[in-house]
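What follows is a set of notes on a single structure, which appears directly below.
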Amino acid sequence: MLAGQVQKPKLTLTCGYGIYDAYFVGLGTNIGPKNQIYLTSGSDFSFTDHKQFSLAISEIRKLFTVYKIKINFGIKLLYWRLEDRYFIFSSAALQPFFATTIDLKKKLSIFTSIGPLFNMQLKSIRKNYEAIGWPKKIGANWSLGLRYNFF
Amino acid sequence: MKFHKFSNLTFFIITLLTSGCEKIEYFDKGYIIPHATQALAHAASGDYKFPGQTIEAVNFGFRSFDGIEVDIQTSKNYTLWLSHDNVVYNCEGKDLGKFISTEDNTITDIFNKDSTFYYVKLDSVFQIMSEKWPEKYISLDIKRPYQLIPFSSYNSIADEIKSLVEKYELSGHVLIESSSTYLLKRLNDPANGIQTYYFCLGDFDKGVAEAKLNDLTGISFKINSYDELNGSLIELLHSSGLKIQVFYANEPADIVDLNVIGVDFMQTDNLDFYTILESNN
């Protein structure tokens, strides 16, 4: 960008899969020359007794580019809910992460991200008396997905 | 055809990568042999007959129940004293400062004319227990100092407790309740036989998870709070190799129900505890 030139706002559609996000879809926009913010919602679309749901907001900042691979750093605030055979758990989590983005076409890119996830338990409901368990305090969350820039 | 191969490959990669990423930790089974519920006089014997956590209360509690529960504070010298409050008061009720900031000689000097207000060292209680009631139990509610203290301070507290247990040969008869897993893990030592209970305010599964994660003896559980105890939960707890001590068990209905479902230890202020159980039987 040249000095005095105003950056054109972007609207980005994102979708993919993450360990804690499940299959997610969302929208993002730029909030500066290097920063983007995304809002995503995810589900594993399961009709069994194992169900997962997530809601996340993340901010990503571009760091540098190596051989056309953009290296980014981000922070994600995530709400996730998991139901299995024994429990229903609801948690809030904070995840710092590194992400890589590769442009496939002018408006289409593929990305991956990975980072530790710090959980804070919000609520638990016991369904039976068959097991003792609890969400991990620190987990590893990675995700893989696509982004499409509308304009 | 290309899309099919791509989607199959993507699904395979996702399945492979997700197979080791468990979000929930489930704990292995173990087993303990349940024993009859033991009654512990809360705060030695509360304020019913004697001021709580005095020598008279301690003696009465040991005489009347299977054991006692006392609250422990730490002085500046890392001596362990009996007190529910983390503040030292003089005989006139004046605040002399926090226990953790007060020297032992200041605490020792507090003694009113009627001998009804003074502080007792844990050392003295262990001596009484060792001489008169070595078969009884004592549960120590180790209070957090309500200010940040370094881990070396927790180490000193743990070492003092282990030293006293060894000195008075009370292995297997001392229970520790605390919300500090660091302190409880420091006290976990098969040689000294100290039982460690994670303090939880009614969230059963959270408490049990902390106990299993840190390899503790069990949980110290506040009844009539969040989760309701029942026979199935106690059976699940015991089949996982954990014990439970409950507190605030004062109502006759609670005492009867908790005895039926088989909690291991019950802290109570109710001096009619045994009469209630007998009349129910």
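Rule-based calculations on the coordinates, nothing more; no lab input. All figures in this text were calculated on a predicted structure; none of them were measured in a lab. Cβ: placed from backbone, ideal geometry, glycine included. Neighbour counts: every protein chain shown.
What are the semi-axes of the equivalent ellipsoid for the protein assembly as shown, taken as the square roots of 5 times the Cα gyration tensor eigenvalues, largest first, in whole Å? Equivalent-ellipsoid dimensions as semi-axes: 55, 27, 17 Å. Taking all C-alpha pairs of chain A, those more than 21 Å from each other amount to 47 percent. Each 10 Å bin from zero up to the one holding the largest Cα-Cα distance in chain B carries the following percent of pairs: 6, 26, 32, 19, 7, 4, 3, 2, 0, 0.
In terms of the mean number of neighbouring beta-carbon atoms within 10 Å, the peptides B:232-240, B:192-200 order highest first as B:192-200, B:232-240. Counting, for every residue in A:133-145, the Cβ atoms of other protein chains within 10 Å of its Cβ and taking the mean gives 4. Pairs from the table (A:Lys76/B:Lys206; B:Lys23/B:Lys206; A:Lys34/A:Lys68; A:Lys76/B:Lys212; A:Lys123/B:Lys23; B:Lys98/B:Lys121) lying more than 21 angstrom apart at Cα are A:Lys76/B:Lys206; A:Lys76/B:Lys212. Ordering B:Ser225, B:Gly241, B:Ile261 by the projection of their Cα atoms onto the charge dipole of chain B, which places +1 on the Cβ of Lys and Arg and -1 on the Cβ of Asp and Glu, puts B:Gly241 at the extreme positive end.
Residue by residue along A:52-63, Cβ atoms of other protein chains within 10 Å of the local Cβ number 0 on average. Rounded to the nearest 20 debye, the dipole magnitude of region B:44-182 is 80 debye, with +1 charges on Lys and Arg beta carbons, -1 on Asp and Glu beta carbons, and the Cα centre as origin.
Across peptide A:124-132, the average count of Cβ atoms from other chains found within 10 Å of a residue's Cβ is 6.
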